[in-house]
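The values are calculated or read from the model by the stated rules, or taken from the named source; none is laboratory data. Since this is a predicted model, take the numbers as computed values, not measurements. Virtual Cβ from ideal backbone geometry, glycine too; neighbours counted across all protein chains shown.
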């Protein structure tokens, strides 16, 4: 029998979704519901704050970015966990579609800010938020490219086995990037736009950001990073996600 420790997530034991349950239950099962409440609260706070002020071109930036984080959260939760081969395939497709959705939102948000900077001849990257934003944008683009090519064109990595071998690194960087995005959102509270226009207080955002961060990372399975002994095998002999 496999060591039970491999089923233990990063921050302790929680119940796992039964194998036969619909994959969509991953979005709210266990502490997933807390993550959903956190990210939904974040989106609501941003959208209400924006629409209570006169709308300008820049208004589209926080609107699009908040939706990008919402979609990215779903992309992560949907794979926590997958078990059997059919469930894995559905999970991979859902993960890819949700990541594509988040990518569209993020590109929209970045494009809006670049157009606004060009029109106003404003300086680039003059704040912590701006610096984090450009760094995370580059990391996200690379993460999307690696994820899509590993799934769709594994021969670029020397075959399916090689692509699977580096999947844990893709997964690890995904969690790091997600955490970085939440930090980037929090840093936006000290930008000129928030201080002069939106006026969102830091404590409004702190709890939703922490709820999303802790809940998503709570469900990390250390075995997927090769840190907890033997792999867990399902009835079909496949490793649980």
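For segment 156-191, which positions are more than 22 Å from the chain's Cα centre (by Cα) and in contact (Cβ under 8 Å) with a residue 12 or more places away in the chain?
Step one: filter segment 156-191 for residues more than 22 Å from the chain's Cα centre (by Cα), giving 156-162, 190-191.
190, 191, listed by residue number.
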Note to self: If I ask for residues that are under 14 Å from residue 102 (Cα atoms) and without any contact (Cβ under 8 Å) to a residue 12 or more places away in the chain, which ones from segment 143-155 would you list?
What the structure shows: 145
Checklist line | Top-ranked residue in segment 186-221 [being touching a strand residue (DSSP E or B) at 6+ places or on another chain (Cβ under 7 Å) and either crowded, with 20+ Cβ neighbours inside 10 Å or part of a helix (DSSP H, G or I) (or both); ranked as modelled with the highest pLDDT] | finding: 218
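Suppose the filter is within 16 Å of residue 216 (Cα to Cα), part of a helix (DSSP H, G or I) and either at pLDDT below 95 or within 22 Å of the chain's Cα centre (by Cα) (or both); does residue 25 pass it? Before you say what the answer is, go through the steps one by one.
Working: within 16 Å of residue 216 (Cα to Cα): yes; part of a helix (DSSP H, G or I): yes; either at pLDDT below 95 or within 22 Å of the chain's Cα centre (by Cα) (or both): yes.
Yes, satisfied.
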Check: Would segment 44-57 turn up any residue that is modelled with pLDDT under 95, farther than 18 Å from residue 183 by Cβ and part of a helix (DSSP H, G or I)?
Finding: yes
Next item on the list: Determine whether residue 63 is farther than 21 Å from residue 135 by Cβ and either outside any helix (DSSP H, G or I) or under 15 Å from the mean Cα position of the chain (by Cα) (or both).
Entry: no
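Being under 26 Å from residue 141 (Cβ atoms), modelled with pLDDT of 85 or more and surrounded by fewer than 19 Cβ atoms within 10 Å (Cβ to Cβ) is the requirement here; does residue 73 meet it? It would help to see each step written out before you state the result.
On the way: under 26 Å from residue 141 (Cβ atoms): yes; modelled with pLDDT of 85 or more: yes; surrounded by fewer than 19 Cβ atoms within 10 Å (Cβ to Cβ): no.
So residue 73 fails the test.
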